[in-house]
1. Just one of (1) within 25 Å of B:Val25 (Cβ to Cβ); (2) acidic (Asp, Glu); (3) not in a helix (DSSP H, G or I) trips up B:Asp347, so point out which.
2. When the residues of the stretch B:256-269 are filtered to those that are closer than 13 Å to B:Ser166 by Cα and in a loop (DSSP other than H, G, I, E, B), which remaining residue is farthest from the other protein chains (Cβ to nearest Cβ)?
3. Of all residues in the stretch A:253-275, count the ones that are at pLDDT below 95, farther than 17 Å from A:Val216 by Cα and among the β-branched types (Val, Ile, Thr).
4. Collect the residues in the stretch B:226-250 that are surrounded by fewer than 18 Cβ atoms within 10 Å (Cβ to Cβ), of a type outside the set (A, V, I, L, M) and at the interface with chain A (Cβ under 9 Å from one of its Cβ atoms), keeping them in residue-number order.
5. Restricting the stretch B:133-188 to residues that are open to solvent by 20 Å² or more (accessible area, probe 1.4 Å) and among the aromatic types (Phe, Trp, Tyr), which is farthest from the chain's Cα centre (by Cα)?
6. Testing A:Ile253 on (1) open to solvent by 50 Å² or more (accessible area, probe 1.4 Å); (2) outside the structural domain of A:Asp28 (by TED's automatic domain parsing); (3) part of a strand (DSSP E or B), one condition comes back false. Which one is that?
7. Output the residues belonging to the stretch A:204-215 that are in contact with a helix residue (DSSP H, G or I) (Cβ under 6 Å, 6 or more places away or on another chain) and either open to solvent by less than 10 Å² (accessible area, probe 1.4 Å) or of a type in the set (Phe, Trp, Tyr) (or both).
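The values are calculated or read from the model by the stated rules, or taken from the named source; none is laboratory data. Everything numeric here is computed off the predicted structure, so don't read it as measured data. In this analysis, Cβ positions are derived from the backbone assuming ideal geometry, glycine residues included, and neighbour counts consider all displayed protein chains. With ligands, DNA and RNA removed, areas are computed over all heavy atoms of the protein, side chains included. Shrake-Rupley method; radii C 1.70, N 1.55, O 1.52, S 1.80 Å.
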Protein chains: 2
Amino acid sequence: MAPIRNARAYYAATPTGYIEPDVHVKYDESKTIDVDTVELNGGFLLKTLVLSIDPYMRGRMRDPKIKSYSAPFDLGQALYGYGLGKVIRSEDDSYKPGDVLHGWVFHEEYSVYKGPLTPFVPFRKIENIGLPWSAYTSVLGMPGQTAYYGWKLYSKAKAGETAFVSTAAGAVGSLVVQLAKRDGLRVVASSGSAEKVAFAKECGADVSFNYKDEKVWDVLAREEKGIDVYFDNVGGEHLDAALASANRMGRFIECGMASQYNGEETYTVKNLGMIIGKVLTVQGILYNVLYYQLADEFYATMPQLVKDGAIKYREDISNGLETVGQALFDVGSGKNVGKRVVVVADD
Amino acid sequence: MAPIRNARAYYAATPTGYIEPDVHVKYDESKTIDVDTVELNGGFLLKTLVLSIDPYMRGRMRDPKIKSYSAPFDLGQALYGYGLGKVIRSEDDSYKPGDVLHGWVFHEEYSVYKGPLTPFVPFRKIENIGLPWSAYTSVLGMPGQTAYYGWKLYSKAKAGETAFVSTAAGAVGSLVVQLAKRDGLRVVASSGSAEKVAFAKECGADVSFNYKDEKVWDVLAREEKGIDVYFDNVGGEHLDAALASANRMGRFIECGMASQYNGEETYTVKNLGMIIGKVLTVQGILYNVLYYQLADEFYATMPQLVKDGAIKYREDISNGLETVGQALFDVGSGKNVGKRVVVVADD
């Protein structure tokens, strides 16, 4: 076959605030690939199906001189992140043509991989039970698994307790709300728009509020029994207020600090002393570290619950690599409702 | 017998910064007590022997309108805190005359108690094995037990790892340094004077530095293998630097945030995001919560190690309730070397 287009979304410039489409992330159609003849060197050729667009990606779009726990993206190179792809050709016995894999994939139509991009994020073969592929990047992907692992491993939830969840309508938060309700907790849910407030309520939140309309301090102060578990996706003022409202022996699951990602001044958390006074446990979580503990349990149980409608989820889907920049802006600025996904190909 | 003097140290005014002797804490000899006839109402009369003067007491000397996890002291009333006393008379079958008890005691020469001052801090009978009573308020008292419980329950220490300890020459820190060395860790110790640096070194610290001479960031940056355990007694900039230097899956034991107690502006901890990125566990600890898990083990093992000289400790002792105010200033301003103790009576 003749070479065909191999479009990509690449990292074009380092943002100082929000990611601007066509400035910091650009779409490029200039490259081609011959899928029949491209050298595999013992690896495999993957056709990208779906990309998961996640807030943490902002942290990789930085000056490489700034140290952080994640590797920075390389200017001029295709972005990469969680997603699904289908094996087209393979010289690796672990993967056969037709296999659909979840893992870190490049933001381009076709790529050759020799093992995973990083040993921390493996490729996993997905056995679909009749759900759209996108579900495996959202409620069944990295965000859903992050919610599940964090909640199951660190909430120590007991029926009758109160959980507080921020970005409660997001891909992680909306599953946390549902897991908390399934465990018999009262749930207080914070999000940033009327539509998100409604979705968190639909997921079962007992109190669902818009933090732009009402101060998080005021809402939590009304909870007479205090907060036993805080699942934190935003940090900053939410974290401060949760520390103030926490009960003794409370558990804080730190999943994200999205309020601090876009270069605004660092919020001064004034209640860190409460960690001591209330004997709190504050646990940071990362998908790729917890994966090995609970992934098999997750894949064995959650897809069927999602298929049965017992677990709700929402996606905000756009099509084509040309929408990656906008998608990154959306998740950074809270524009999306539901997990932001870019579909690159249907199969 | 005729009534005798019952001197006390009382809370006279609310400090805004450091505690000033004779201003915020006053000594008063005006009261008397008849130890033979004072009504016990089913309780017991205790003669105060030794008082533990601890940094956390500053937090109770506040406007009662300011909510915090600890109850505020009452203006005009005797202070109270950890200490030892001897039972003189008793109508409570649990306590016999001559018993020496550790628990919360009033800062006065004689007091009648009916059970403990708070259910959270029990009275415990001390079986002395030939140590000065003061040892049971320092290395074997609340600070020593806090160090022991925190380290044993939450350090998850492995030989070859690196521990960082702040206020490393203090009553808590100096025991943590020794426990860490006994577990085979490399220990980096921070304190605030040349004398303290020397004592932390004597306790076994591999690196012992004065944070006033050298920036904590710079010292930690030299630790090529990073920090696996941080035992935090000061919070603020030390905590921020430890977050920056922590290894993945590091354990932070939050015991005190002394740098934030005296009304200076709250330090902005900029590296809270590292809790997530490095999958850290940050655990607050309080003596009275952990006591019930490990106290019997502690009292069964540690006094003998102290008596044998296998565990070093230092005390900074003054005599008489008239020295309480100065002692509180000392611990708040870092003037003491070794555990600050006030001896009220020898027996």
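1. The single condition B:Asp347 does not satisfy is (1).
2. If we filter the stretch B:256-269 for residues that are closer than 13 Å to B:Ser166 by Cα, which is where we start, we get B:256-259.
Next cut, in a loop (DSSP other than H, G, I, E, B) only: B:256-257.
Working: B:Gly256: 7, B:Met257: 5 Å.
Looking at residues that are closer than 13 Å to B:Ser166 by Cα and in a loop (DSSP other than H, G, I, E, B), I get B:Gly256.
3. 1
4. Passing the criteria: only B:Arg248.
5. B:Tyr154
6. Tallying (1) open to solvent by 50 Å² or more (accessible area, probe 1.4 Å); (2) outside the structural domain of A:Asp28 (by TED's automatic domain parsing); (3) part of a strand (DSSP E or B), A:Ile253 fails exactly one: (1).
7. Filtering the stretch A:204-215 for residues in contact with a helix residue (DSSP H, G or I) (Cβ under 6 Å, 6 or more places away or on another chain) gives A:204-205, A:208-210.
Within the stretch A:204-215, A:Ala205, A:Phe209 qualify.
The rows are residues; the columns are (1) touching a helix residue (DSSP H, G or I) at 6+ places or on another chain (Cβ under 9 Å); (2) open to solvent by 40 Å² or more (accessible area, probe 1.4 Å); (3) assigned by TED's automatic domain parsing to the domain that holds A:Gly42.
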site: A:Arg60; (1), (2), (3): no, no, yes
site: A:Asp63; (1), (2), (3): no, yes, yes
site: A:Ile66; (1), (2), (3): no, yes, yes
site: A:Ala71; (1), (2), (3): yes, yes, yes
site: A:Leu75; (1), (2), (3): no, yes, yes
site: A:Val87; (1), (2), (3): no, no, yes
site: A:Val100; (1), (2), (3): yes, no, yes
